[in-house]
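Report on one structure; see the data block that follows.
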Amino acid sequence: MLRLLKRLYRETSYKNWQRFFLYAAGEIFLIFIGVSLAVWFNDRRENQKLEQTEIQVLEEMLVELDQDVEDMKINQEAHHLAGRGAQVLLDLYMQRALPSPDSFGLYLTTVYRNVTSLTNTASYEFLKSNGLAIISNDSLRLAISHLYGMEYSNIQK
């Protein structure tokens, strides 16, 4: 580089200054293109990673929601049994009908049975910790936030 600058300042090399600047502009352009391509490929790889993470989180969320639906069906059956047991105990109290002695204990335990709803929130917690912006669809992101933020807390209450 030092030799090139010395040659540039010699009187005889003033004839080739246009050629030198053309060469330097070409080098700068090639460096610019190389760096731009590297940045573009890096961004593309990062976007692919984010898309894979989004798909993985949504698939896990789907499995968790299926498990929650199954749990809610079991809880619904338990509540139905508790309602039926409460009706039998009310009839007993009102002296309308007497249950059989074998089933009295069953009705009594179904009424006072504590049924808690279990919700799987691991994928949502992962999503919250990594940022909800992973979900690219705005309406889906809003629905997920509403489900886990409002609906599940109401179900647990």
Response to the item:
Dipole check, segment 12-157, charges on Cβ (K,R +1; D,E -1), about Cα centroid: among 147, 33, 47 the Cα furthest to the positive pole belongs to 33
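Considering only protein heavy atoms, what per residue accessible area in square angstrom results for segment 47-157 with a 1.4 angstrom probe? Walk me through the intermediate numbers first.
Details: 7970 Å² over 111 residues.
Ligands and nucleic acids excluded, the result is 72 Å² per residue.
Which length gain, in nm to one decimal place, applies between residue 36 and residue 151 when the Cα-Cα distance is subtracted from 0.36 nm times their residue separation?
Details: separation 115, 0.36 × 115 = 41.40 nm, distance 4.63 nm.
Value of the extension gain: 36.8 nm.
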Worksheet item: Hey, how much of the P(r) for segment 20-93 falls beyond 15 Å, as a percent of Cα pairs?
Response: 77 percent
Worksheet item: Which whole-number percent is the relative contact order of segment 48-147 (Cα, under 8 Å, 6+ apart)?
Response: 36 percent
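The values are calculated or read from the model by the stated rules, or taken from the named source; none is laboratory data. No experiment lies behind these values; they were computed from the predicted model shown. Neighbour counts run over all protein chains shown; Cβ positions are idealised from the backbone, glycine included. Remember, those area values only see protein heavy atoms, side chains included, never the ligands or the DNA or RNA. Shrake-Rupley method; radii C 1.70, N 1.55, O 1.52, S 1.80 Å.
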